[in-house]
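The values are calculated or read from the model by the stated rules, or taken from the named source; none is laboratory data. From a predicted model like this one, the values you see are computed outputs, not experimental measurements. When we count neighbours, we look across all protein chains shown, and the Cβ atoms used for this are built from the backbone with ideal geometry, even at glycine. To get the accessible areas, we keep the full protein, side chains included, count just its heavy atoms, and leave off ligands, DNA and RNA. Shrake-Rupley method; radii C 1.70, N 1.55, O 1.52, S 1.80 Å.
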Number of protein chains: 2
Amino acid sequence: MLTQDLFIHHVYFWLANPESKEDHAALLAGLEALAKVPSIQQFHIGVPASTNRDVIETTYQFSWLAVFPSREAQDEYQDDPLHLHFVATCKHLWKKVTVYDSIAAY
Amino acid sequence: MLTQDLFIHHVYFWLANPESKEDHAALLAGLEALAKVPSIQQFHIGVPASTNRDVIETTYQFSWLAVFPSREAQDEYQDDPLHLHFVATCKHLWKKVTVYDSIAAY
């Protein structure tokens, strides 16, 4: 369950070759391995839904939502060998990545 | 707990008057009321964390993460009176909103 005290790390990926099924599969496999970082409390690996309104961003290929119990746990994730391996082996697959890190508003 | 079958609706708000404490409070109150829409399974109301790297978007003022059991539940939310009330009473507070809707990648 999501609670307000959690650290929400949401990353959106735009592939360098969005038409490549191999690249989709490679990034998906990378994210599935990334999900094993022990400091992650919850995660969701997504693709754009079929909703489509003016305000909806639909041009990305993958959504990576990782939820941490704290800022410190998120910092551990950044330095985790599994995360470093993911970046080293998958970075060539994307042309753009945008991250939103959020903490409790109240 | 987040599971892969969920519909992830993540909205980022940029206030028209980001320096206004009153507007911050008004949007926060609006989101707290919005969270009572019955088709929402889980939610998180966030503000930007203190992380700051090139790829991190930090210029928004509020993050609204709503998790639904299905696309249909998300559609119900869009039409829910509480959601319509939120848009009607809070829309003047923001200058920009960006939505990412994601479903299971596998």
| message | Quick check on this structure: which one of B:Ser50, B:Ser20 is more than 10 Å from chain A (Cβ to nearest Cβ) and open to solvent by 10 Å² or more (accessible area, probe 1.4 Å)? | response | B:Ser20
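Within segment A:29-47, can you find the residues that are open to solvent by 30 Å² or more (accessible area, probe 1.4 Å) and under 15 Å from A:Leu15 (Cα atoms)? Quick ask: steps written out before the conclusion?
Keep residues of segment A:29-47 that are open to solvent by 30 Å² or more (accessible area, probe 1.4 Å), which gives A:29, A:32-33, A:36, A:38, A:41, A:43, A:47.
Selection gives A:Ala29, A:Val47.
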| field | Residue under evaluation B:Val97, criteria (1) in contact with a Lys or Arg (Cβ under 8 Å, 6 or more places away or on another chain); (2) closer than 12 Å to B:Leu27 by Cβ; (3) among the hydrophobic types (A, V, I, L, M, F, W, C), criterion not met | value | (1)
| said: I need the full set of residues from segment A:1-15 which are assigned to a loop (DSSP other than H, G, I, E, B) and either free of Cβ contacts under 8 Å to residues at least 24 places away in the same chain or under 23 Å from B:Val99 (Cβ atoms) (or both), in order please. | reply: A:Met1, A:Leu2, A:Thr3, A:Gln4, A:Leu6
| note | Filtering segment B:92-106 for residues that are within 22 Å of B:Thr59 (Cβ to Cβ) and at the interface with chain A (Cβ under 9 Å from one of its Cβ atoms) leaves a count of 7
| note | Checked against (1) more than 10 Å from the chain's Cα centre (by Cα); (2) within 7 Å of chain A (Cβ to nearest Cβ), B:Phe43 satisfies every condition except (1)
| said: Step by step: first the residues of segment B:59-77, then only those that are within 8 Å of chain A (Cβ to nearest Cβ) and under 27 Å from B:Glu22 (Cα atoms), then the one that is surrounded by the fewest Cβ atoms within 10 Å (Cβ to Cβ). Which residue is that? | reply: B:Tyr60
